[in-house]
1. Would you mind ranking LEU121, LEU40 so that the residue whose beta carbon has the fewest other beta carbons within 10 Å leads the list?
2. Please give the length that would be gained between LYS82 and GLU27 if that part of the chain were fully extended, namely 0.36 nm times their separation in residues minus their C-alpha to C-alpha distance (nm, one decimal).
3. Over 20 Å between Cα atoms: which of LYS93/LYS138; LYS36/LYS60; LYS21/LYS123; LYS85/LYS128; LYS60/LYS140 fall into that group?
Amino acid sequence: MAATSYYQARISMETARLLDKMRLDYEKKIGGNVTKGDCLNRAFEDAKWTENYNYAEIWKAIHEVPMPALEGFDHAIKPSAKILKIQINEDTKTEIEELRKNLPPILGANYVTVGVCIRELLKAAYLKDDKFYGEKIKDKGFPVDPEEVIDESKIAKAIDFNGSKSNAELLALIDVTQEQINMLLDNLKNKLKQE
């Protein structure tokens, strides 16, 4: 793992709330203490599912998904939580800087703040972690589960013209692929209706 360094950023109250919720969730998972920096490092790892998609398309879709409501999470967040001074690893820092550089043209903005990048990274991780919230990105045609992503190499392997795959296996693969195509077409249809 890369060496850690302090990272400072200003975030919104809703981002601070999501960070704290995710930090407590990670603590429950591992059964130990998780700092805000550890939480952001873990979120970076959990957000790697986005690598299955076109960079611009997936981050635009994540940005369009509203922040999670976090119903039932009534943990008090102090105003000072909006100023982060955390220790994160170099990989996480690099990802935040990449988002800061790449998000403006994707979102049609002149610039984005580090706080926005942290918010989007946390949302990406939370989309993976929370099944109900994850449906919001799946509805846009970007399932979080890698098994649900159309992988051309898997299809090529499954369609073995030597006859080693059964008809049932091929039909199951076609059904999954058709479901993905239908989801993508529904997403496109909804976008066109909105315009």
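Only the coordinates and a few stated rules stand behind these numbers; no lab work does. Worth saying up front: this structure is predicted, and the values here are computed from it rather than measured. Here the Cβ positions follow ideal geometry from the backbone for every residue, glycine too, while neighbour counts run over all protein chains shown.
1. The most exposed by this proxy come first: LEU121, LEU40.
2. Length gained, LYS82 through GLU27: 17.7 nm.
3. Values: LYS93/LYS138 27 Å; LYS36/LYS60 25 Å; LYS21/LYS123 12 Å; LYS85/LYS128 26 Å; LYS60/LYS140 11 Å.
Correct reply: LYS93/LYS138; LYS36/LYS60; LYS85/LYS128.
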